[in-house]
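Visitor: Dumping the structure here so I can ask a few things about it.
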Amino acid sequence: MLRKTLLATALGASVFGASVFGASVFAAGAMAQSAIAAELSDDMVKIGVLTDMAAVYADLSGDGSVLATHMAVEDFGGSVLGKPIEIVSADHQNKADIAASKAREWIDTQGVDMITDLVTSSVALAVQEVGREKNRITMVTGAATSRLTGESCSPLGFHWAYDTYSLANGTGTAVVKNGGDTWFFITADYAFGHSLEGDVSNIVKANGGEVLGTIRHPFPSSDFASFLLQAQASGAKIVGLANAGSDTINAIKQASEFGIVEGGQNLAGLLMFVTDIHSLGLNAAQGLFMTTGWYWDLNDETRAWAARFEAEAGKKPTMIQVGTYSAVLSYLKAVEKAGTDEAGAVAEALKSMPVNDVFANGGTVYPNGRMAHDMYLAQVKTPGESAGDWDYLNIVRTIPAAEAFQDPAKSGCALSQ
Amino acid sequence: MVFDVPLSFLALQLFIGLQNGAFYALLSLGLAVIFGMLNVINFAHGAQYMLGAFATWLGLEYLGISYWWSLLLVPIVLGLFGILIERALLRWLYDLDHLYGLLLTFGLVLIIEGLVTDGFGSSGLPYDKPALFAGSERLALSGLTGNERDFMVVPIYRLWIIVAAVILCIATWYMIERTRLGSYLRAATENPALVRAFGVNVPLLITLTYGFGVALAGFAGVLAAGLQAITPHMGSNLIIVVFAVVVIGGMGSILGSIITSFALGLVEAITRIAYPEASNIVIFVIMILVLLTRPAGLFGREA
């Protein structure tokens, strides 16, 4: 009974969505002809932050992303084209089906114009599709998979903070060039893990390295002993952790029990956040290389922004949270420039504007929706080097935007061929 | 070489399997004891285990309580917490269907996990186990195989987990099956009215049993603190598997739970070598097979 009701609702919603899509395409055409600006649906702009509020990724995104969205709206001035800006948020529990139905509900009944954060790759892929179908902008800052701007790209989908390609390119290249030319992957068994593992494998092979083996672990896992032992038995110089959050933390923590690093193998955390280092402690994390899109201690501007964030949140922001700030700010600028919140026009405006804010300096938005900006290769400090809580990273190298992100023509996205 | 896998590697994998089995045993034991006595399916068991790990961290961080004292104190604190829950909430539900106890304890999980996430975040907290337990030792297997090169790496902390769990399991089993107090317990499970007529304080017995079950979960939490990141969700990830273990072993059977736990730990270990993707469903596949052939579980009594 419940299933039938749900199915009926979903069908109804998609039929309704199709007609909305038709109507707004018509509206965009009419607007272009008569050049009437300042058209906002429902007389406001509504931004939805769809994120993980309580599970494994809540510290990297969650409440912090909602706070960052509020900060962006505040910095923009609280209104756009003379109309109010509203923010809604919800917990998607890292489940693609929950996220997609929440996105539909927001768009169909609450007039949400743009959805952001979308941590967890399977969630981001699903909601980007909903956005495409219902003519709404999605700006992914939380999820990593490069498929979002590759084979699954959408004219209305944007990918802001980082992606698996740039992580692979940063950490993967650095490690191989340091002599780590044989790899074994411990991979989270879902879209993100597969995507990250694939991108790093390509980089390793392109630099003359070799992948000796891969293991796919259930997401999430708390015990990595068995997987680590298989990595150890492979004899690979580098054990690549293609997972995130508490999975990465547990794997690094447990590696010390089996003497993996003492035995001459090295760990590479392929996606790590400053909150992960905080959670691991410097004793366990020191010396690890990681690639990040942002760090709070880059310059005066980033330090000031982080201090403002910390005053509210009680901790330093992650690249996802600052990325969400940047995405929301850019969206509002684009709405202002386009003179409307119609998705097609806003998307066009977004792709025509450089991104300059606390997150990105001279960022450009590629035709496939990828926002390219400088990335940073960092190494975790030793307890002796650190001045205290949150002083965790030495920036080893700044990776220029054009090198950090994939050439859109090679991304496999039909929009940028 | 066995099955194309080096012996030292296989031995260590099985060892890890036993260590996971040790956690299943400690937790399923508590569940079995509680279910046997109270007829309550204690869904909050995972959250109580998580609280054990958090209490260990809090004790060290704020009160300077060492790991060893935590092993003693945390189960006591958790036991008292359990007694409070039993007195304040659970005792009103004994005359109702199982479902009410399950719903109440599930509600407790949501509240406890929510509060802990709010207070400590979701990424987890670091806990440094005592230096005594760090690293691993090499154990020669040449006596067993005749090959000089065969050895096995034994992570000390995991060995300690197995030892501690086995001791506690045997002690619990002995207490329930072989002592006078245990005989009261078993009798009260069978026929509470009759036992009460003999002058035994059955409600007190029930309260203490729940407290003891929760204390076991707390003890497992202390053990886990040294092994993995302490996160608000560490319990809910584990408890579903433990429920499957209890169903396979037979609800309410003490010895059945212990044996099944270690056996399933080993099955899981072998799956992790053979086909890692299936490692967290293999136990549920076994559960389905057992339910189809022996609905009361491997060691359960047919109702």
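Visitor: Could you list all residues from segment A:186-215 that are within 12 Å of chain B (Cβ to nearest Cβ), in a strand (DSSP E or B) and not small (Gly, Ala, Ser)? Reasoning before the result, please.
Guide: First, the residues of segment A:186-215 that are within 12 Å of chain B (Cβ to nearest Cβ): A:186-190, A:193-194, A:213-215.
From what is left, the residues that are in a strand (DSSP E or B) are A:186-188, A:213-215.
Across segment A:186-215, the qualifying residues are A:186, A:187, A:214, A:215.
Visitor: If you don't mind, there's one more thing I want to ask. Just to verify a result, which residue in segment A:331-367, among those that are over 16 Å from the mean Cα position of the chain (by Cα) and under 21 Å from residue A:296 (Cα atoms), is surrounded by the most Cβ atoms within 10 Å (Cβ to Cβ)?
Guide: The selected residue is A:358.
Visitor: Would you point out the residue of segment A:216-258, among those that are within 20 Å of the chain's Cα centre (by Cα) and in a loop (DSSP other than H, G, I, E, B), that is nearest to the other protein chains (Cβ to nearest Cβ)?
Guide: A:220
Visitor: Of everything in segment A:117-151, what is touching a His at 6+ places or on another chain (Cβ under 6 Å) and among the hydrophobic types (A, V, I, L, M, F, W, C)? Give them in sequence order. Don't jump to the end; show me each part of the working.
Guide: Looking only at segment A:117-151, we keep the residues that are touching a His at 6+ places or on another chain (Cβ under 6 Å), and these are A:123, A:140, A:148-149.
Of everything in segment A:117-151, those that are touching a His at 6+ places or on another chain (Cβ under 6 Å) and among the hydrophobic types (A, V, I, L, M, F, W, C) turn out to be A:123, A:140, A:148.
Visitor: I've got another one for you. Can you say whether residue A:83 is more than 20 Å from residue A:245 (Cα to Cα) and of a type outside the set (Gly, Ala, Ser), as far as the supplied structure shows?
Guide: Numbers: more than 20 Å from residue A:245 (Cα to Cα): yes; of a type outside the set (Gly, Ala, Ser): yes.
Judged against the criteria, residue A:83 is a match.
Visitor: Here's another thing I want to ask about it. Applying the selection to segment B:262-300, what residues are part of a helix (DSSP H, G or I), touching a strand residue (DSSP E or B) at 6+ places or on another chain (Cβ under 8 Å) and either free of Cβ contacts under 8 Å to residues at least 60 places away in the same chain or aromatic (Phe, Trp, Tyr) (or both)?
Guide: B:276, B:277
Visitor: Which numbered condition in (1) surrounded by fewer than 24 Cβ atoms within 10 Å (Cβ to Cβ); (2) farther than 19 Å from residue B:273 by Cβ is the only one that residue A:232 fails?
Guide: Single failed check for residue A:232: (2).
Visitor: In segment A:259-280, how many are at positive phi and either within 10 Å of another protein chain (Cβ to nearest Cβ) or without any contact (Cβ under 8 Å) to a residue 12 or more places away in the chain (or both)? Working first, answer last.
Guide: Start the filter on segment A:259-280 by keeping residues that are at positive phi, which leaves A:259, A:264.
Filter again for either within 10 Å of another protein chain (Cβ to nearest Cβ) or without any contact (Cβ under 8 Å) to a residue 12 or more places away in the chain (or both), leaving A:259.
Total satisfying the criteria: 1.
Visitor: Give just the number: which of (1) modelled with pLDDT of 90 or more; (2) in a strand (DSSP E or B); (3) not polar (S, T, N, Q) does residue B:111 not satisfy?
Guide: Condition (2) is where residue B:111 drops out.
Visitor: Being over 13 Å from the mean Cα position of the chain (by Cα) and away from chain A (no Cβ under 12 Å) is the filter here, so list the residues in segment B:233-263 that pass it. Reasoning before the result, please.
Guide: Let us first name the residues in segment B:233-263 that are over 13 Å from the mean Cα position of the chain (by Cα), namely B:233, B:247-253, B:255-256, B:263.
Of everything in segment B:233-263, those that are over 13 Å from the mean Cα position of the chain (by Cα) and away from chain A (no Cβ under 12 Å) turn out to be B:247, B:248, B:249, B:250, B:251, B:252, B:253, B:255, B:256, B:263.
Visitor: Quick check on my filter: what residues within segment A:139-153 are more than 21 Å from residue A:329 (Cα to Cα) and of a type in the set (Gly, Ala, Ser)?
Guide: A:146, A:150, A:152
Visitor: From the list B:66, B:123, B:70, pick out the single residue that is within 26 Å of residue A:61 (Cα to Cα) and among the small types (Gly, Ala, Ser). Please lay out each step first, then the result.
Guide: Values: B:66 fails: within 26 Å of residue A:61 (Cα to Cα); B:70 fails: within 26 Å of residue A:61 (Cα to Cα).
Sole residue among the options that is within 26 Å of residue A:61 (Cα to Cα) and among the small types (Gly, Ala, Ser): B:123.
Visitor: Please pick out the residue among B:31, B:51 that is crowded, with 24+ Cβ neighbours inside 10 Å, among the aliphatic types (A, V, I, L, M), in contact with a Phe, Trp or Tyr (Cβ under 9 Å, 6 or more places away or on another chain) and modelled with pLDDT under 95. Break it down into steps so the answer makes sense when it comes.
Guide: Details: B:51 fails: modelled with pLDDT under 95.
Residue meeting the stated conditions: B:31.
Visitor: Right, something else. State whether one or more residues within segment A:382-392 are modelled with pLDDT under 95 and not in a loop (DSSP other than H, G, I, E, B).
Guide: Scanning segment A:382-392, I find no residue that is modelled with pLDDT under 95 and not in a loop (DSSP other than H, G, I, E, B), so the answer is no.
Visitor: Within segment A:156-165, is there a residue that is in a loop (DSSP other than H, G, I, E, B), more than 23 Å from residue A:417 (Cβ to Cβ), touching a residue at least 12 places away in the same chain (Cβ under 8 Å) and out of contact with any Pro (no Cβ under 9 Å at 6 or more places or on another chain)?
Guide: Looking only at segment A:156-165, we keep the residues that are in a loop (DSSP other than H, G, I, E, B), and these are A:156, A:160-163.
Imposing the further condition that a residue be more than 23 Å from residue A:417 (Cβ to Cβ) reduces the set to A:161-162.
Adding the requirement that they be touching a residue at least 12 places away in the same chain (Cβ under 8 Å) leaves A:161-162.
Narrowing the set further to residues that are out of contact with any Pro (no Cβ under 9 Å at 6 or more places or on another chain) leaves A:161-162.
Yes, segment A:156-165 has at least one match.
Visitor: Let me ask something else. Within segment B:36-53, which residues are among the small types (Gly, Ala, Ser) and under 17 Å from residue B:104 (Cβ atoms)?
Guide: If we filter segment B:36-53 for residues that are among the small types (Gly, Ala, Ser), which is where we start, we get B:36, B:44, B:46-47, B:52-53.
B:44, B:46, B:47 - these are the residues of segment B:36-53 that are among the small types (Gly, Ala, Ser) and under 17 Å from residue B:104 (Cβ atoms).
Okay, residues lined up against (1) over 30 Å from residue A:256 (Cα atoms); (2) without any contact (Cβ under 8 Å) to a residue 60 or more places away in the chain:
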residue: B:183; (1), (2): yes, yes
residue: B:193; (1), (2): yes, yes
residue: B:203; (1), (2): yes, no
residue: B:232; (1), (2): no, no
residue: B:241; (1), (2): no, no
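Visitor: Same structure, new question: Every residue in segment A:173-198 that is modelled with pLDDT of 95 or more and of a type in the set (Asp, Glu), please.
Guide: A:197
Visitor: Do you know which of the residues in segment B:104-120 that are touching a residue at least 24 places away in the same chain (Cβ under 8 Å) and over 14 Å from residue B:51 (Cα atoms) is farthest from the other protein chains (Cβ to nearest Cβ)?
Guide: In this case the residue turns out to be B:105.
Visitor: Another question, then. Can we say residue B:222 is within 14 Å of chain A (Cβ to nearest Cβ), within 17 Å of the chain's Cα centre (by Cα) and not in a loop (DSSP other than H, G, I, E, B)?
Guide: Numbers: within 14 Å of chain A (Cβ to nearest Cβ): no; within 17 Å of the chain's Cα centre (by Cα): yes; not in a loop (DSSP other than H, G, I, E, B): yes.
No: the conditions fail for residue B:222.
Visitor: Also, I was wondering about something else. Test residue A:284 against the criterion of being among the hydrophobic types (A, V, I, L, M, F, W, C), within 10 Å of another protein chain (Cβ to nearest Cβ) and either farther than 17 Å from residue A:59 by Cβ or crowded, with 17+ Cβ neighbours inside 10 Å (or both), and give yes or no. Walk me through how you get there before you give the answer.
Guide: On the way: among the hydrophobic types (A, V, I, L, M, F, W, C): yes; within 10 Å of another protein chain (Cβ to nearest Cβ): yes; either farther than 17 Å from residue A:59 by Cβ or crowded, with 17+ Cβ neighbours inside 10 Å (or both): yes.
It is true that residue A:284 is among the hydrophobic types (A, V, I, L, M, F, W, C), within 10 Å of another protein chain (Cβ to nearest Cβ) and either farther than 17 Å from residue A:59 by Cβ or crowded, with 17+ Cβ neighbours inside 10 Å (or both).
Visitor: Determine if segment A:267-278 includes at least one residue that is surrounded by fewer than 21 Cβ atoms within 10 Å (Cβ to Cβ), out of contact with any strand residue (DSSP E or B) (no Cβ under 9 Å at 6 or more places or on another chain) and closer than 22 Å to residue A:170 by Cβ. Spell out the reasoning first.
Guide: Initial filter on segment A:267-278 (surrounded by fewer than 21 Cβ atoms within 10 Å (Cβ to Cβ)): none.
No, segment A:267-278 contains no residue that is surrounded by fewer than 21 Cβ atoms within 10 Å (Cβ to Cβ), out of contact with any strand residue (DSSP E or B) (no Cβ under 9 Å at 6 or more places or on another chain) and closer than 22 Å to residue A:170 by Cβ.
Visitor: Continuing with this model, one more query. Identify, from the list A:318, A:340, the residue that is within 14 Å of chain B (Cβ to nearest Cβ), among the hydroxyl-bearing types (Ser, Thr, Tyr) and over 14 Å from residue A:371 (Cα atoms). Before you say what the answer is, go through the steps one by one.
Guide: Values: A:340 fails: within 14 Å of chain B (Cβ to nearest Cβ).
One residue alone meets the criteria, A:318.
Visitor: Hey, does segment A:171-184 have a residue that's more than 9 Å from chain B (Cβ to nearest Cβ), part of a strand (DSSP E or B) and either within 26 Å of residue A:59 (Cβ to Cβ) or not β-branched (Val, Ile, Thr) (or both)? Lay out the reasoning, then the answer.
Guide: Step one: of segment A:171-184, the residues more than 9 Å from chain B (Cβ to nearest Cβ) are A:171-184.
Narrowing the set further to residues that are part of a strand (DSSP E or B) leaves A:182-184.
Now restrict to residues that are either within 26 Å of residue A:59 (Cβ to Cβ) or not β-branched (Val, Ile, Thr) (or both): A:183-184.
Yes, that holds for at least one residue.
Visitor: What is the residue count in segment A:35-70 for residues that are at pLDDT 95 or above, in contact with a Phe, Trp or Tyr (Cβ under 6 Å, 6 or more places away or on another chain) and either within 14 Å of another protein chain (Cβ to nearest Cβ) or assigned to a helix (DSSP H, G or I) (or both)?
Guide: 1
Visitor: Just to verify a result, which residue in segment B:271-286, among those that are surrounded by 17 or more Cβ atoms within 10 Å (Cβ to Cβ) and of a type in the set (A, V, I, L, M), is farthest from the other protein chains (Cβ to nearest Cβ)? Write out each step before concluding.
Guide: Residues of segment B:271-286 that are surrounded by 17 or more Cβ atoms within 10 Å (Cβ to Cβ), as a first pass: B:271-273, B:276, B:279-280, B:282-283, B:286.
Applying the additional criterion that residues be of a type in the set (A, V, I, L, M) yields B:273, B:282-283, B:286.
On the way: B:273: 7, B:282: 11, B:283: 12, B:286: 16 Å.
Checked segment B:271-286; the qualifying residue farthest from the other protein chains (Cβ to nearest Cβ) is B:286.
Visitor: Let me ask you something else. Quick one: which strands (runs of 3 or more DSSP E) sit completely within segment A:83-147 and have at least 2 residues that are among the acidic types (Asp, Glu)? Explain how you work it out, then say what you get.
Guide: Values: elements: A:83-91, A:114-117, A:137-140.
Hits in segment A:83-147: A:83-91.
The values are calculated or read from the model by the stated rules, or taken from the named source; none is laboratory data. The shown structure was predicted, so the numbers you read here are calculated from the model rather than taken from an experiment. Methodologically, a virtual Cβ is constructed for each residue, glycine included, from the backbone with ideal geometry; neighbour enumeration extends over all protein chains shown.
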